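Written out below as structure tokens is the structure these notes cover.
The values are calculated or read from the model by the stated rules, or taken from the named source; none is laboratory data. Bear in mind the structure is a predicted one, so any value in this text is a computation, not a measurement. Neighbour counts are summed over all protein chains in view; Cβ atoms, including those assigned to glycine, are modelled from backbone coordinates with ideal geometry. Remember, those area values only see protein heavy atoms, side chains included, never the ligands or the DNA or RNA. Shrake-Rupley method; radii C 1.70, N 1.55, O 1.52, S 1.80 Å.
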Amino acid sequence: MNNVHFIDWGNIDYKEAWDRQEVLFKEKTDTKFVNRYLPEDQWKKIDHHLIFCEHPHVYTLGKSGSIENLLVDDEQLKELNATYYPINRGGDITYHGPGQIVGYPILDLDQFFTDIHKYLRLLEESIILTIAEYGLKGERYEGFTGVWLDVDDAKKARKICAMGVRCSRWVTMHGFAFNINTDLSYFKNIIPCGIDDKAVTSLQKELGHEVDIEEVKTKLKKHIADLFQMQFA
């Protein structure tokens, strides 16, 4: 059972959060590099972190994405009070904003399991279990990452949680964006994740009322801890 530091950064500027992630990520990868040249009984301890936060309106583009999937120019971004960043995670373009739980697990998977596909599937499962507590059936959609609803009907299929990660030396960063009380109109300014024929949804939209985001965080934390066999320090 690994100890993991849980931190809620609250509403934080995207670039500041990215910089903070990079510091934690580098600490872990640097320590792993040093440990390679030490006897195992002298290895320096590597801490794990799980971070939750919300961001002001921002669009981020992953390494495998296309700028053409951003449908607004710089002037329109200003009118939307939004920013844009090309970043070093996988995946295409997505939106972050108020009312969305953004999760950044910064873990050394060498101490959990060295399987990035299992890692993504467990993150998805934590969302699936969380929305099940609200009476929703979350599913995986073959060929796509994230968590979806109504995957058996191509016309109704919609995504409630997007994912995009980076992993180096088995240390992870970036993570998932789970729509709770999100203003979904901001997704109209992009082709979300490069998928132009599927809708995006939120817990609020599906339930028909605003949801206590702190309550959702508590449920989600528990499911992540159980699935990854971690405890919070």
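Computed from point charges on the beta carbon alone (+1 for Lys and Arg, -1 for Asp and Glu), the dipole magnitude for the chain about its Cα centre is near 520 Debye. Placing +1 on each Lys and Arg Cβ and -1 on each Asp and Glu Cβ, with no other charges, gives the range 14-57 a dipole about its Cα centre of roughly 140 debye. Among the listed pairs LYS156/LYS188; LYS78/LYS198; LYS45/LYS217; LYS44/LYS222; LYS15/LYS159, those whose Cα-Cα separation exceeds 23 Å are LYS78/LYS198; LYS45/LYS217; LYS44/LYS222; LYS15/LYS159. Per-residue ellipticity at 222 nm, computed for the chain from helices alone with -39500 (n - 2.57) per DSSP H run of at least four residues, works out to -9000 deg cm²/dmol. Of the residues VAL23, ASN181, GLN229, the one whose Cα sits farthest toward the positive end of the charge dipole of the chain, with +1 on the Cβ of Lys and Arg and -1 on the Cβ of Asp and Glu, is GLN229. Counting only alpha carbon atoms, the long axis of helix 116-132 and the longest principal axis of the chain meet at about 50°. Taking the Cα centre of the range 179-233 as origin and assigning +1 to Lys and Arg Cβ atoms and -1 to Asp and Glu Cβ atoms, the resulting dipole is close to 160 debye.
With an a/c value of 1.5 or above and a/b not larger than b/c for the gyration tensor axes a ≥ b ≥ c computed over the alpha-carbon atoms, the range 125-233 is described as oblate. On the range 79-130, 55 percent of the accessible area sits on carbon and sulfur atoms, based on a 1.4 Å probe.
Counted residue by residue at 0.36 nm each, then reduced by the alpha carbon distance between them, the extension gain from ASP30 to ASP47 reaches 4.9 nm.
Across the range 174-181, rounded Karplus estimates of 3J(HN,Hα) from the backbone phi angles (6.51 cos²θ - 1.76 cosθ + 1.60, θ = phi - 60°) give 6, x, 9, 10, 10, 6, 9, 10 Hz, Gly and Pro being marked x. Computed over the chain, relative contact order equals 24 percent, with contacts defined as Cα pairs under 8 Å that lie 6+ residues apart.
Taking Cα extents along the principal axes in Å as calculated from this structure, the corresponding entry among (1) 58, 36, 34; (2) 87, 40, 32; (3) 56, 40, 31 is (3).
For the range 133-145, backbone phi angles converted through the Karplus equation (6.51, -1.76, 1.60; θ = phi - 60°) give residue-by-residue couplings of 5, 10, x, 10, 9, x, 9, 8, 10, 3, x, 10, 8 Hz, Gly and Pro being listed as x. In angstrom, the C-alpha Rg and Dmax of the range 1-123 are 17.1, 57. Residues in the range 146-187 near a label at GLN111, defined as backbone nitrogen under 14 Å from the 7 Å Cα→Cβ point? The answer is 170-172.
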